[in-house]
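Written below as structure tokens is the structure these notes are about.
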Amino acid sequence: MVWGNILTLRAIQGFFVTQSSITTTAVIRWLAGHLSAYKRRVWGACIALLVAAGAWLLLGQGIRYAVDSGLIASNPESLNQATLGVLAICVIAALATYARFYLMTWLGERVSADIRQQVYHHLLHLPPAFFAQMRTGEVISRFTSDTTVLQTVVGMSLSMAIRAAITFIGALILMAITSPLLTFCVLLAVPAVLVPIRLLAPKVRRYAKLSQDRIADLGSHIDQSLHEITTVQAYTAEQHEARLFSSRVEAAMDAAKQRIHYRSLLIGGIMLLSLVSMLFIAWVGARQVFDGSITVGELSAFLFYAVMAGGSVATLSEVIGEVQRGVGASERLLELLSAENPLTVVGQPLSLSSRRSPPAINIEAIQFAYPDAPVLFDDLTVHISAGETVALVGPSGAGKSTLFQLLMRFHDVQAGQVTLNDVPVHQLPLDVLRKQIAIVTQEPVVFADSVLENIRYGRPDASDEEVHQAARSSFAHEFIDRLDQGYHTQLGERGVKLSGGQRQRIAIARAILSDRPVLLLDEATSALDAMSEKMVQQALKTLMQGRTTLVIAHRLATVQNVDRIIVMDNGRVENTGTHDELLKSDTLYRGYAELQLLT
Ligand SMILES: Nc1ncnc2c1ncn2[C@@H]1O[C@H](COP(=O)(O)OP(=O)(O)OP(=O)(O)O)[C@@H](O)[C@H]1O
């Protein structure tokens, strides 16, 4: 099918917009978009910035007045006036600086918090294939360190850069009023100062991004090794992990060294060029005082402005590196945001005629391969009637779990279609489709939350009593009751405080509570002891009534009584029938049954 081909093509090309196509303009537009939600504070910060810069500039005039009318003219009255004036200017400058600092830091925090939410929301909707391609540790690093860089850049560096730019322009104007000749000399020096910025800033930015990438590698290493700490320690792989980590730390350090090198060059180069220019200007100025074309006060004011202008350029040179770092961090976050979800509704969105009654499931001549993997299903057809309970059996790798994934549309088929009540899944909004299905996976998932909330995950609006009822049906109530704080016991990350069988019963309770018309059970009772399994099987049997159920089971004892068994091998349906029929007609199935002493 054409849509299938288009989707695969996109998936093969990868999820990302390539980094080179994210321009600085796009980054600025993106950040400006976030800032525009807080216009009043942005205006407030700009006004505070202008007032502070203006006050500092006015200080030069105070100095000129104090020198010419006070010092040189030996007039104490003027000197007092000038001192009071300068004091007032200082107070205004300090108040405006407070307002600027507060507002800009607030904006930095706010924007990075908003960006975290935007990126997280986006990621939540990306398909599992994206996370198979991108390591979660890397994603976490982009969240934490890149947004922190942005927070500093928007909150501090950007305001410093704007303040420095305003001060520079203002100082230049006042210098021009004081002495056009000296200002001309300053203007001659400006291009020289810009040369290192032009040459070195792109390098700083490149190495900043590389350095963040290396930090992300560290994040994913920590994430993986600490999550699997039991395996690491069981195989006494601590040394190996430490060595690997150390090599990654060094790689991050190397990238950082390059960034620091170019940043230092940038700062040092600009410093040197501005100081040399200042020296030259002071020399020309002193000669102008000699020939009487300017007063000592004017020269003092001019030098004050020149120092301010030089200081602004130095600030700019420092924060430009930081801003480049922010652009690098933004690029990495924009990359995450550019990842597209290929699983969109194709054509006119349809709905299901009845959301409550169990649907018929049809898999029609599908073709499917995982990205970069050989074809798994080639022309596979499976029909499941409404309300039927069907077991899928077959050797490992036959494609049983993949069928579940296709039913929930975690991947798209490349040809053919999967339908629910004759509605193709690719024409159903994803949430409508997935709200039809309750799944218990091979490795039951338990979140770091209370037992109550773990079960309620299946239906967030369920009452406590409904949660207890679901736990009773999955035979989980008894062990939950024995826990320290019963249903309020916190289960720890990934449910580490529970046994495999207990986790499975929590997952089954969640599925029971969710009360959805399709039930997918992937080895749902494999971790239970014989006694609990028997009880849970009984509970599942009741649950399956009035639902369309697909069960994957390696142990045939658990599926002997289902309506139909489908024997799969190598992505193909080998046979189908009841347990007794298959015992007679299917050698693969009989072989299984004999191994499990069921004959
Ligand atoms: N995300 C993936 N990317 C690439 N290949 C995959 C992916 N998931 C599964 N496969 C491959 O697809 C094939 C079918 O896997 P699947 O998990 O559907 O088998 P299964 O019948 O459920 O096996 P088991 O009974 O061991 O769970 C296997 O060869 C597997 O290696």
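Only helical DSSP H runs with n ≥ 4 go in: add -39500 (n - 2.57) per run for the chain, normalise by residue count and round the 222 nm mean residue ellipticity to 500 deg cm²/dmol. Don't jump to the answer; show the numbers that get you there.
Values: 21 runs with 370 residues, N = 599.
Taken over the chain, the calculation gives -21000 deg cm²/dmol.
If you place +1 on the Cβ of every Lys and Arg, -1 on the Cβ of every Asp and Glu, and leave all else neutral, what size is the dipole of the range 86-162 about its Cα centre, to the nearest 20 Debye?
20 debye
Would you work out which of Leu491, Cys185, Ile215 lies farthest towards the positive end of the dipole of the chain? Charges go on Cβ: Lys and Arg +1, Asp and Glu -1.
So the residue furthest toward the plus end is Cys185.
Taking the Cα centroid of the range 73-133 and of the range 244-276, what is the distance between the two, rounded to the nearest whole Å?
So the two Cα centres are separated by 26 Å.
Enumerate the amide H contacts of Leu376 below 5 Å, restricted to partners 5 or more residues apart or on another chain; note that Pro and chain-start residues carry no placed amide H.
Phe368, Ala369, Tyr370
Do any chymotrypsin sites (Phe, Trp or Tyr not before Pro) in the range 226-329 lie in a loop, going by DSSP, with at most 16 other beta-carbon atoms within 10 Å of their beta carbon, and if so which?
Tyr235
Could you list Glu533, Glu364, Glu77 so that the one with the fewest beta carbons within 10 Å of its beta carbon is first and the one with the most is last?
Values: Glu533 21, Glu364 16, Glu77 9.
Going from least to most buried by this count: Glu77, Glu364, Glu533.
Hey, what's the Kirkwood Rh for the chain if you take every pair of different alpha carbons, in angstrom?
When all Cα pairs of the chain are included, the Kirkwood radius is 29.8 Å.
Under 17 Å between alpha carbons, and skipping anything fewer than 8 positions from Lys541 in its own chain: which lysines qualify?
Correct list for Lys541: empty, as no lysines qualify.
Where the centroid of each part is defined by its Cα atoms, how far is the range 383-458 from the range 553-571 in Å?
Computed from Cα coordinates, the inter-centre distance equals 17 Å.
FYI, it's all coordinate maths here, none of it is from the lab. If you're wondering where the values come from, they're calculated on a predicted model, not measured in any experiment. Backbone-built Cβ (ideal geometry, glycine too); neighbour counts: all protein chains shown.
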